[in-house]
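A short write-up of the structure that comes next.
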Amino acid sequence: IAVMPPEWREAAGILMHPILGVHATHIRAKYLDDKLHSTTFWAHVVGEQAGGKSTLIGYLSDKLMATIRQQDELGRQQEREYAEALRKAKNSDKQPEDPRPVIREVSFVISIAALLKRLSQAQGQHLISITHEVDTINKTNSSGTWSQKTDLYRNAYDNEIYGQDYLSEKNKSKIVMPLC
């Protein structure tokens, strides 16, 4: 933070909270309801157009998320290899085993099924989404099933369960407890 312009320091402190919360994923503290709560944060930085917000977000996320991004890339590579192995074994009796990698940084543009998959494979760790534009969030909050994301956000802050349950074999059924 010392190397950035002084006017960015307060915003940097705010923006670092969600990223540091992801790194401190197993820390819990008792809250007013006497339940253990996780380090769950949501941060917005509002400023003038072309004021350097994206540069600041990019700088902080590149510096503070480097280790998690490297681990995520290994997980994504495992998923690509698994998909290729599935394709090759399409008509075979012996199917490859799903590696179930932990991938912690997810896009705001993600289906609920994909998000629940990521959460169920996260081994109790936080996931994070980072975007430079609030419009990205607005668009995903107003489309399809994602328009119900407020339930997910509220449950995350309350450390409550979240999921979906279907009777179809084609749809994903997942319950994540607690959502963190």
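List of remarks:
- Gain on full stretching of the segment that runs from Glu160 to Lys90 - 0.36 nm per residue minus C-alpha separation: 21.4 nm
- Here is the list for the stretch 1-110: GluC sites (Glu not before Pro) lying in DSSP coil, each with at most 12 other C-beta atoms within 10 angstrom of its C-beta, are Glu48, Glu97.
- Selection from Tyr31, Tyr59, Pro99 lying farthest towards where the dipole of the chain points positive, charges on Cβ: Pro99
- Remark: the chain carries a charge dipole of roughly 420 debye about the Cα centre, counting +1 on each Lys and Arg Cβ and -1 on each Asp and Glu Cβ.
- For the stretch 58-165, trypsin sites (Lys or Arg not before Pro) meeting the loop criterion (DSSP other than H, G, I, E, B) and having at most 14 other Cβ atoms within 10 Å: Lys90, Lys94.
- Expressed as a whole percent, the accessible surface of the stretch 1-89 that belongs to carbon and sulfur atoms is 58, based on a 1.4 Å probe.
- Of Lys35/Lys117; Lys117/Lys149; Lys63/Lys139, those spanning more than 24 Å from alpha-carbon to alpha-carbon: Lys35/Lys117; Lys63/Lys139
- Other-chain or far-sequence residues with amide H under 5 Å of Glu105's (modelled H): Ile128
- Per residue value of the accessible surface for the stretch 1-138 (all protein chains in place, 1.4 Å probe), Å²: 64
- Dividing the convex hull volume of the alpha-carbon atoms in the chain by its residue count gives 155 Å³ per residue.
- Residue-by-residue Karplus 3J(HN,Hα) for the stretch 11-21, coefficients 6.51, -1.76, 1.60, Hz, glycine and proline x: 4, 4, x, 5, 5, 6, 4, x, 5, 5, x
The values are calculated or read from the model by the stated rules, or taken from the named source; none is laboratory data. None of these values were measured; they are calculated from a predicted model. When we count neighbours, we look across all protein chains shown, and the Cβ atoms used for this are built from the backbone with ideal geometry, even at glycine. Side chains are part of the model used for accessible areas, which takes the heavy atoms of the whole protein and leaves out ligands, DNA and RNA. Shrake-Rupley method; radii C 1.70, N 1.55, O 1.52, S 1.80 Å.
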